[in-house]
Every structure is written in C-alpha cells, then in structure tokens.
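The values are calculated or read from the model by the stated rules, or taken from the named source; none is laboratory data. Bear in mind the structure is a predicted one, so any value in this text is a computation, not a measurement. Note: ideal-geometry Cβ built from the backbone for every residue, glycine included; neighbour counts use all protein chains shown.
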C-alpha cells in the first residue's frame with residue numbers, strides 16, 4: 001500500500017503505527033510505502049495500478 005499522511009511530523013512513527021494496526025486488523029503481512037520512497041524507475045508502473053481511498057474525516061488510528 002502507498003500511504004500519504006496529511007500532517008507533517010513523525011512520519012516514521014505514523015507509518016509504523018499504521019503498519020502494525022493493519023497487520024493486526026487483516027491478520028496478514030502488509031507492505032507500506034510512502035510516495036517519496038518509490039523508485040523513480042518503478043513509479044510509472046506502480047502508480048498506474050493505484051486505487052485511491054479517502055478516509056472519513058473522523059477516521060483516526062487508535063493510539
């Protein structure tokens with residue numbers, strides 16, 4: 001999954017929290033990356049397959 005965070009700040013911490021949350025929720029291993037971490041050589045192939053999902057405004061990860 002490619003994830004973007006609205007707020008700047010502790011991206012690594014947010015990414016890891018989301019990673020563990022999704023693994024627990026889905027009971028399977030997940031791969032998360034940010035758009036900045038995708039190789040420019042692979043980006044055209046990856047981005048053409050992207051399906052965008054917008055969260056609900058009040059949808060926050062549990063702390």
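Being surrounded by 10 or more Cβ atoms within 10 Å (Cβ to Cβ), in contact (Cβ under 8 Å) with a residue 12 or more places away in the chain, assigned to a helix (DSSP H, G or I) and in contact with a helix residue (DSSP H, G or I) (Cβ under 9 Å, 6 or more places away or on another chain), is that true of even one residue in the stretch 23-33?
No, because not a single residue in the stretch 23-33 is surrounded by 10 or more Cβ atoms within 10 Å (Cβ to Cβ), in contact (Cβ under 8 Å) with a residue 12 or more places away in the chain, assigned to a helix (DSSP H, G or I) and in contact with a helix residue (DSSP H, G or I) (Cβ under 9 Å, 6 or more places away or on another chain).
One residue is enough: does the stretch 1-13 have a residue meeting the conditions surrounded by fewer than 12 Cβ atoms within 10 Å (Cβ to Cβ), at pLDDT below 90 and either in contact with a strand residue (DSSP E or B) (Cβ under 7 Å, 6 or more places away or on another chain) or in a helix (DSSP H, G or I) (or both)?
Yes: one or more hits.
Among the numbered criteria (1) assigned to a helix (DSSP H, G or I); (2) surrounded by 10 or more Cβ atoms within 10 Å (Cβ to Cβ); (3) modelled with pLDDT of 90 or more, which single criterion is violated by residue 44?
Of the numbered conditions (1) assigned to a helix (DSSP H, G or I); (2) surrounded by 10 or more Cβ atoms within 10 Å (Cβ to Cβ); (3) modelled with pLDDT of 90 or more, the odd one out for residue 44 is (2).
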